[in-house]
Amino acid sequence: MTRERFDKRITEALHKMTDRAAYEMQDENWQRIRKGIKEMEQSSGSGRRSHWNRKVGIGVSAAVLVLVLSISTRTGQAALEKIRQYFEPEKIVEYEVEGSREDVDSRLQQGEIGYVVYYDQDRYKVVEDGKTDRIVMRDPAEGMPEVYMEISQDADKLPEELAVKLEAELRKDFSRVEAPINVSEPLEAVFIHAINGGTKADDPIVDYYLISNKKGGTFIIKMKYFLEAAEGHGSRFRSMLRDFTILE
Amino acid sequence: MDDILLKRIQNKDKQAFEELYQRYAGYAARVALAVTRSQALAADAVQETFIRVYFNIGKFKPGYPFEPWLYRILINECNRIMKRRSRVTYISDYQINQTDFAFEDHRPFEEYEELYRAIEGLNDKLRIPIVLKYLKGFKEKEIAEILSLNINTVKSRLYKGRQKLKKAIAGSKKERNPDDTGKI
């Protein structure tokens, strides 16, 4: 059988075997959709989003959880190991990307610099060099602009001090740099956003989230992506950050 | 989707939303059924998808094709629902009145059923691109966009999917007729 005939037969089989069920579902689905929309609109003044956020809240922690323990002693190291065991090696994390909800198979990343985060293991991998960890695309398309989320630590500078330095550095390469602000979503941090251009799909974007390590230093989260990917990779990185946890 | 309909839906015009539903629900239901392999799960996925479309239509970028956006939501809902529920396939989901086809098609219904069962037997990674291409008619580039995959990965999965289907069909033909060479 030729490729064309086989392709045609696949199409015919899929159509014939879904004909009746699709027809039967149409009206009932519509009634349920109407009911669902009505219920969502009535359930809260702010609509469906707050309803979903409550559901999401069950699955993900909304803020950084700081686990206080010393890692300088043997007891401390044992305790750290226990804490690490508390985090499942893999779990499902709910992401919201471009209006769509996804349950994402996520893998635990335990950084040597003292943090844990869950990353989308189908799309990304972690490249470590001991001081800086980068979550990069597993399968980037050819010619695609750079996309990554980098995690590092500056043990000596507060988030506010670092923000001044990073903002000045960004101004050299980016046409628009927004002044640092404090944010609480996806976690408590000082946030800086920079974009070069802003009209072309591949215009680069850098976001910094600067998180206090509670010891006078800062965890630096740098996200690099591009305009077209703001709702895609940008949203995915922010979803990962909801589970970012510092092991102090 | 035309810009006027889009604007009306963004302004929460329920009639416009119903127009959108009537336009896109048929194929969405077919695709959901072929992906989830259950009428009950497919119904849930389609309902959730259109509710999400209604509340998130503001995130859709005007000027872009609507269907890849819609199907990205649909496939994500299918995956989410399949992960959360146990895999139960109800025979009644696929009961079709075979006599309906007896007069309109000379090809034995059994062959379609066999091929459909083989598609159902593919793992999710291979089955979903096959369904999007052959049932909905999406191009490889669009499938890559819907599934957030590299286009070469999509091509490779479609190729592997087709090969597996050919093998499965050849195998069942041989079972029915041991003298068959298996060539299809």
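Among residues of region A:138-156 being surrounded by fewer than 16 Cβ atoms within 10 Å (Cβ to Cβ) and not acidic (Asp, Glu), the one that is nearest to residue A:201 (Cα to Cα) is A:144.
The combined condition, being of a type in the set (A, V, I, L, M) and free of Cβ contacts under 8 Å to residues at least 24 places away in the same chain, is fulfilled by residue A:168. State whether one or more residues within region A:181-199 are touching a Lys or Arg at 6+ places or on another chain (Cβ under 8 Å), more than 19 Å from residue A:150 (Cα to Cα), at pLDDT 90 or above and of a type outside the set (Phe, Trp, Tyr). There is at least one residue in region A:181-199 that is touching a Lys or Arg at 6+ places or on another chain (Cβ under 8 Å), more than 19 Å from residue A:150 (Cα to Cα), at pLDDT 90 or above and of a type outside the set (Phe, Trp, Tyr).
Only residues that are farther than 24 Å from residue A:114 by Cβ, surrounded by 14 or more Cβ atoms within 10 Å (Cβ to Cβ) and β-branched (Val, Ile, Thr) were counted in region A:177-205, giving 3.
In this structure, does residue B:127 turn out to be closer than 21 Å to residue A:104 by Cα, facing chain A (nearest Cβ under 7 Å), modelled with pLDDT of 90 or more and surrounded by 15 or more Cβ atoms within 10 Å (Cβ to Cβ)? Please lay out each step first, then the result.
Details: closer than 21 Å to residue A:104 by Cα: yes; facing chain A (nearest Cβ under 7 Å): no; modelled with pLDDT of 90 or more: yes; surrounded by 15 or more Cβ atoms within 10 Å (Cβ to Cβ): yes.
No; evaluated as a whole, the condition is false for this residue.
The number of residues in region A:1-56 being modelled with pLDDT under 80, loosely packed, with under 12 Cβ neighbours inside 10 Å and part of a helix (DSSP H, G or I) comes to 3. Among the residues of region A:80-92, is any outside any loop (DSSP other than H, G, I, E, B), within 30 Å of residue B:67 (Cβ to Cβ) and at pLDDT below 85? Looking through region A:80-92, at least one residue is outside any loop (DSSP other than H, G, I, E, B), within 30 Å of residue B:67 (Cβ to Cβ) and at pLDDT below 85.
Do we have residue B:53 as at pLDDT 95 or above and either more than 8 Å from chain A (Cβ to nearest Cβ) or part of a helix (DSSP H, G or I) (or both) here?
Numbers: at pLDDT 95 or above: no; either more than 8 Å from chain A (Cβ to nearest Cβ) or part of a helix (DSSP H, G or I) (or both): yes.
No, not satisfied.
The values are calculated or read from the model by the stated rules, or taken from the named source; none is laboratory data. Remember, predicted model here, so these are calculated numbers, not experimental data. All Cβ positions, glycine included, derive from the backbone under ideal geometry; neighbour counts span all protein chains shown.
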